[in-house]
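Asker: Got a structure for you, written out below as structure tokens; questions coming shortly.
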Amino acid sequence: MSRVTVVGGGVVGACCAYYLAKAGCRVTVLDRGRFGAGCSHANCGYVCPSHVLPLAVPGAIWDTLRTLLRRNSPLKVKPGVVLRDPGWFLRFARKCNARDMTTAAGGIRALLDSSRTLFDELIRTESLDCEWVTRGLLFVFQTAAAMDHYAEVDRLLRDQFQTAAEPFDSQQLEKLEPALKPGLGGGWLYRSDAHLRPDRLMSELRRVLVGMGVAIHENSPVSRIVSEGRQVRAVATPAGEHDADHVVLAAGAWTPEFANAVGCRVPVQPGKGYSVTFPASATDPTYPMIFEEHRVAVTPFRSGFRVGSTMEFGGYDATLNRDRLKLLTEGAALYLRNPPTGEPTEEWWGWRPMTPDGLPLLGLAPAADNLWVAAGHNMLGLSMAPATGKLVAELVTGEKPHVDPAAYSPGRFG
């Protein structure tokens, strides 16, 4: 029985541990903090095959530059971060073209489509109580001009990636989702999408993993990857070493700390996202929605209502910026008849692990024969987690991969 140590207790690490354990491995999970407490905790919970396109699309670099001059932009880049790591932003700029966008979208789509199917299977097989809802995801536009402009994106997704949305004009949208204000520009509904409550998913995955015999060690930061030649022998923490036949790095935004062990560039920038969660009410929407013009997302859960999103490239800044939270609630108020008010049940931020091309780093590390990388999922860690976990288990055990891993090579940046 192979001994596998997974570094990282977020949703990607948890899914790696699950499929490795199913494959017969003896699995240990190490997390520097609490299991499931990082970026997997309070995101908007979308499982979204609709999100095929990467952040690096034609024109994105100019949008990014404009944020340097705007105080309340949904996308915020601090100049100091660019100066500290210009290479990441140069690579991102080079990827903002139609050819690279299409190439990345193909790799993104493969993981999203696989995960959407695997989520249905996983939730059914393991009886996960995570508020799983399969109504779809609604993109809502404030103006008719923005609604019409999105038709170009819909044609691209429909024609090249067989990802189609159903359009609703202003009156149809009001009938579909009465929680929205009248007179909006319209919306596009992706019926294949789904959503769940991330913290409930993580607690359920923990229950399942413990039942499968997976050892979970919290508050166990990795101090060193112990190697002999090209073989990783153990993972060292302050509490001692964990011997391993294989190691999987699923450390999210912290993955660059292991660049020397991996043996290649690990171009991951932490992109901070925010959310505010309120108690559930009778006036909450029935559909999860993205208000595209303001980059605000809302998710109705059985146990609450969440407003989230924004993207802030500010390095490893661990403060909660209340101006960003205000940006979310004010944006939601432009669309909802009854925007959330009162005391929130939770205010939260998390670091998304962003790569320049929008694709994760999945596969064997260049520096070792038994060190695997599963990180850099950008804003889609939850949506890609089951497919990632299954793919990692297949690679570790030598099974035929159900998704071609070539596009995700950890060494592709040199």
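The values are calculated or read from the model by the stated rules, or taken from the named source; none is laboratory data. Everything quoted here is computed from the prediction, not taken from an experiment. As a convention, Cβ positions derive from the backbone with ideal geometry for all residues, glycine included, and neighbour counts pool all protein chains shown. Keep in mind that these areas ignore ligands, DNA and RNA; they rest on the heavy atoms of the full protein, side chains included. Shrake-Rupley method; radii C 1.70, N 1.55, O 1.52, S 1.80 Å.
Asker: Could you please find all residues in region 19-42 being under 19 Å from Leu122 (Cβ atoms), open to solvent by 10 Å² or more (accessible area, probe 1.4 Å) and either part of a helix (DSSP H, G or I) or in contact with a Ser or Thr (Cβ under 6 Å, 6 or more places away or on another chain) (or both)?
Answerer: Tyr19, Ala21, Lys22, Ala23, Cys25
Asker: Out of the residues in region 374-400 that are of a type in the set (Gly, Ala, Ser) and in contact with a Leu (Cβ under 8 Å, 6 or more places away or on another chain), state the one that is farthest from Met311 (Cα to Cα).
Answerer: So in region 374-400, the residues of a type in the set (Gly, Ala, Ser) come out as 374-376, 381, 383, 385, 387, 389, 393, 398.
Subset that is in contact with a Leu (Cβ under 8 Å, 6 or more places away or on another chain): 374-376, 383, 387, 389, 393.
Numbers: Ala374: 22, Ala375: 18, Gly376: 15, Ser383: 18, Ala387: 25, Gly389: 26, Ala393: 31 Å.
Looking at residues that are of a type in the set (Gly, Ala, Ser) and in contact with a Leu (Cβ under 8 Å, 6 or more places away or on another chain), I get Ala393.
Asker: Being out of contact with any strand residue (DSSP E or B) (no Cβ under 7 Å at 6 or more places or on another chain), at pLDDT 95 or above and under 30 Å from Asp323 (Cβ atoms) is the requirement here; does Pro54 meet it? Explain how you work it out, then say what you get.
Answerer: On the way: out of contact with any strand residue (DSSP E or B) (no Cβ under 7 Å at 6 or more places or on another chain): yes; at pLDDT 95 or above: yes; under 30 Å from Asp323 (Cβ atoms): yes.
The answer is yes for Pro54.
Each row is one residue, and each column tells you yes or no for (1) touching a strand residue (DSSP E or B) at 6+ places or on another chain (Cβ under 9 Å); (2) of a type in the set (Lys, Arg); (3) at pLDDT 95 or above.
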site: Gly38; (1), (2), (3): yes, no, no
site: Cys44; (1), (2), (3): yes, no, yes
site: Leu83; (1), (2), (3): no, no, no
site: Phe89; (1), (2), (3): yes, no, no
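Asker: Based on this model, can you work out whether Arg109 counts as loosely packed, with under 15 Cβ neighbours inside 10 Å and part of a helix (DSSP H, G or I)?
Answerer: Details: loosely packed, with under 15 Cβ neighbours inside 10 Å: no; part of a helix (DSSP H, G or I): yes.
In short, no.
Asker: Moving on. Could you tell me which of the residues Pro221, Pro256, Pro267 is open to solvent by less than 20 Å² (accessible area, probe 1.4 Å) and either modelled with pLDDT of 95 or more or of a type in the set (D, E, K, R) (or both)? If you could, list the steps in order and put the result at the bottom.
Answerer: Numbers: Pro221 fails: open to solvent by less than 20 Å² (accessible area, probe 1.4 Å); Pro256 fails: open to solvent by less than 20 Å² (accessible area, probe 1.4 Å).
Going through Pro221, Pro256, Pro267 in turn, just one is open to solvent by less than 20 Å² (accessible area, probe 1.4 Å) and either modelled with pLDDT of 95 or more or of a type in the set (D, E, K, R) (or both): Pro267.
Asker: Determine whether region 240-252 contains at least one residue that is touching a residue at least 40 places away in the same chain (Cβ under 8 Å), acidic (Asp, Glu) and within 30 Å of Arg26 (Cα to Cα). Reasoning before the result, please.
Answerer: First, pick out the residues of region 240-252 that are touching a residue at least 40 places away in the same chain (Cβ under 8 Å): 242-252.
From what is left, the residues that are acidic (Asp, Glu) are 243, 245.
Filter once more, so that each one left must be within 30 Å of Arg26 (Cα to Cα): 243, 245.
Scanning region 240-252 turns up at least one residue that is touching a residue at least 40 places away in the same chain (Cβ under 8 Å), acidic (Asp, Glu) and within 30 Å of Arg26 (Cα to Cα).
Asker: Being surrounded by fewer than 15 Cβ atoms within 10 Å (Cβ to Cβ) and more than 21 Å from the chain's Cα centre (by Cα) is the requirement here; does Gly186 meet it?
Answerer: Numbers: surrounded by fewer than 15 Cβ atoms within 10 Å (Cβ to Cβ): no; more than 21 Å from the chain's Cα centre (by Cα): yes.
Against the criterion (surrounded by fewer than 15 Cβ atoms within 10 Å (Cβ to Cβ) and more than 21 Å from the chain's Cα centre (by Cα)), Gly186 does not qualify.
Asker: A further question follows. Only one of Ala393, Ala375 is at pLDDT 95 or above, closer than 27 Å to Ala93 by Cβ and open to solvent by less than 20 Å² (accessible area, probe 1.4 Å). Can you tell me which?
Answerer: Details: Ala393 fails: closer than 27 Å to Ala93 by Cβ.
Only one candidate passes the filter, namely Ala375.
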